[in-house]
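Asks: Dropping the structure in here first, questions after.
The numbers here are math on the coordinates, done by the rules we state, and not lab data. Since this is a predicted model, take the numbers as computed values, not measurements. Glycine gets a Cβ as well: all are built from the backbone with ideal geometry, and neighbour counts include every protein chain shown.
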């Protein structure tokens with residue numbers, strides 16, 4: 001896996017270290033593909049963990065991870081947690097067949113219809129299996145990043 005970081009020079013070195021550590025932890029370091037991290041100032045899709053601060057989409061091994069620039073004002077552990085959460089989704093796209101379509105989302109060969117996803121989105125906790133996995137792993141992965149990353153400051 002390769003990483004491209006756009007619009008984030010003050011955290012690029014940290015994100016590169018976090019990327020390498022997390023990809024190794026998730027078993028995707030040797031996979032083909034590129035993750036491009038793009039900082040944006042506007043809100044993105046709603047996610048309870050990130051309050052609309054992140055989204056990852058894919059096309060043929062190219063993963064676009066949109067992060068809100070608001071994350072730069074939060075503690076570094078929070079940035080690591082959100083970044084790791086999205087990298088879990090990258091792992092799911094590569095290894096578990098996570099993908100969206102007109103009828104809903106497919107994960108591990110099972111279709112989750114749009115109607116069911118709309119209902120799930122109003123619940124106070126995530127119930128979609130791909131989100132359950134990402135939430136269950138992001139804190140531990142972020143703590144590992146903070147333990148092993150040597151560059152925890154700005155550029």
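Asks: I'd like the full set of residues that are loosely packed, with under 12 Cβ neighbours inside 10 Å and under 19 Å from residue 57 (Cα atoms), limited to the range 119-140.
Replies: Across the range 119-140, there are no qualifying residues.
Asks: Considering the range 104-132 alone, what residues qualify as being touching a helix residue (DSSP H, G or I) at 6+ places or on another chain (Cβ under 8 Å) and in contact (Cβ under 8 Å) with a residue 40 or more places away in the chain?
Replies: Selection gives 126, 130.
Asks: Of all residues in the range 1-32, how many are part of a loop (DSSP other than H, G, I, E, B) and farther than 20 Å from residue 73 by Cα?
Replies: Total meeting the criteria: 7.
Asks: Being buried (at least 18 other Cβ atoms within 10 Å of the Cβ), out of contact with any helix residue (DSSP H, G or I) (no Cβ under 7 Å at 6 or more places or on another chain) and closer than 19 Å to residue 130 by Cβ is the filter here, so list the residues in the range 68-103 that pass it.
Replies: 86, 90, 93, 94, listed by residue number.
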